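The values are calculated or read from the model by the stated rules, or taken from the named source; none is laboratory data. Computed from a prediction, not measured in an experiment: that's the story for all the values here. When we count neighbours, we look across all protein chains shown, and the Cβ atoms used for this are built from the backbone with ideal geometry, even at glycine.
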Amino acid sequence: MSLCRLLLPPLLIVVLTTAAVRAQQPSGEFQFAPPSFEYEAAPSASFAPADLSLAPPPDEVWFQRPTETDALPLDQMFGEVRLPDSSVATSAAYEGTSLPGDETFPRARTFGRSVLADHRNYYTQRTVLLTAFALAAGGAMAQSNIDREFQEFWQGEVAPSHGLRDFRNFGEGTYVLPLYVVAALAGNAFENQPALRTAGEWGERSFRSAAVGAPALLFWQVAIGASRPNEAPYDSRWRPFNDDNGASGHTFMGAIPWLTAAQLTERPLLKAGFVAGSFLPGMARLDENHHYLSQVMIGWSLAWLATSAVNQTETGEASHWVPWADANGVGLGYEWRL
């Protein structure tokens, strides 16, 4: 692999992420303006002559230290404190608890709590239901002729596409995982730089997404037991625990950085572009004739579920079923949030 192809994925990620950051920042240099305070002298006190023995001299100012009973509740001093929805499993950092070692390794404690919250958000009924949908669709393609006919079409009409195959590098775990760590450390070290801070958040989220989704990926790769297109006489048909290619690992790893970047921008065009980019690593595996369409789809679905769990930890938002009603009747809809 040439050096140019090796450097293409990280450079592309940095460029796209930086573009997303700058698109959200106002024009001009980022500046921090500390709040200004204005002090107004208190008006001079007037004293009623009814009880001069208790009134202080007019030329003196008395100060009284507030007692515990005079202290205002926190919600009156700082406004209402709003915590995330109780139905959302968030990290213990939101709870204001203190654990041994927090003062020594505060960043590590926060990261560990976030990872635990990611797993709580991932292993839910919602994840089971959506995984079942993905497996049902993938199984229908694998057990019928859809996988094989699509693979014959791709290999005959599209492949080889060498430019597309370069996107498989996004799925090389031994390469992208250290990149996520470096990005996270850089963002932590330069928190005053908006672009680097967002790149650090991207790196940390991507690493956590890979960590939370990897066990499910490894399980379904073996449990499905399907084989690669070039492993004759077997094909994409499911043979539980007979092989380990039931889901595309490169597609899973390669989709994570793109889906994470999509979550970090509110610009519709950028978000759509990042989501579209998340399909490129899977398309590269189709082009290389290393996976069937069903295996690519399952790998991408697992990546989306993992990044959604991490995003739920950070924002409290998740895709969910919502009821709806209109003049024609009632029903159930699904709200998909990236």
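What's the number of the only condition in (1) surrounded by 22 or more Cβ atoms within 10 Å (Cβ to Cβ); (2) in contact (Cβ under 8 Å) with a residue 60 or more places away in the chain; (3) under 15 Å from the mean Cα position of the chain (by Cα) that Glu201 fails to meet?
That leaves (1) as the condition not met.
Within the stretch 187-198, how many residues turn out to be of a type outside the set (S, T, N, Q) and surrounded by 16 or more Cβ atoms within 10 Å (Cβ to Cβ)?
Selection size over the stretch 187-198: 4.
Within the stretch 239-283, can you find the residues that are touching a Gly at 6+ places or on another chain (Cβ under 7 Å), polar (S, T, N, Q) and in a helix (DSSP H, G or I)?
Correct list: Thr251 only.
Here are some residues: Leu185, Leu164. Which one is modelled with pLDDT of 90 or more, assigned to a helix (DSSP H, G or I) and of a type outside the set (Asp, Glu)?
Leu185
Listed here are the residues, each with its yes/no results for (1) buried (at least 17 other Cβ atoms within 10 Å of the Cβ); (2) among the aliphatic types (A, V, I, L, M); (3) in contact with a helix residue (DSSP H, G or I) (Cβ under 8 Å, 6 or more places away or on another chain); (4) at pLDDT 95 or above.
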{"position": "Asn242", "(1), (2), (3), (4)": "no, no, no, no"}
{"position": "Thr251", "(1), (2), (3), (4)": "yes, no, yes, yes"}
{"position": "Thr265", "(1), (2), (3), (4)": "yes, no, yes, no"}
{"position": "Pro281", "(1), (2), (3), (4)": "yes, no, yes, yes"}
{"position": "Gly299", "(1), (2), (3), (4)": "yes, no, yes, yes"}
{"position": "His320", "(1), (2), (3), (4)": "no, no, yes, no"}
{"position": "Pro323", "(1), (2), (3), (4)": "no, no, no, no"}
{"position": "Gly329", "(1), (2), (3), (4)": "no, no, no, no"}
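Against the condition surrounded by fewer than 14 Cβ atoms within 10 Å (Cβ to Cβ) and modelled with pLDDT under 90, how does Ala132 come out, does it pass?
No; evaluated as a whole, the condition is false for this residue.
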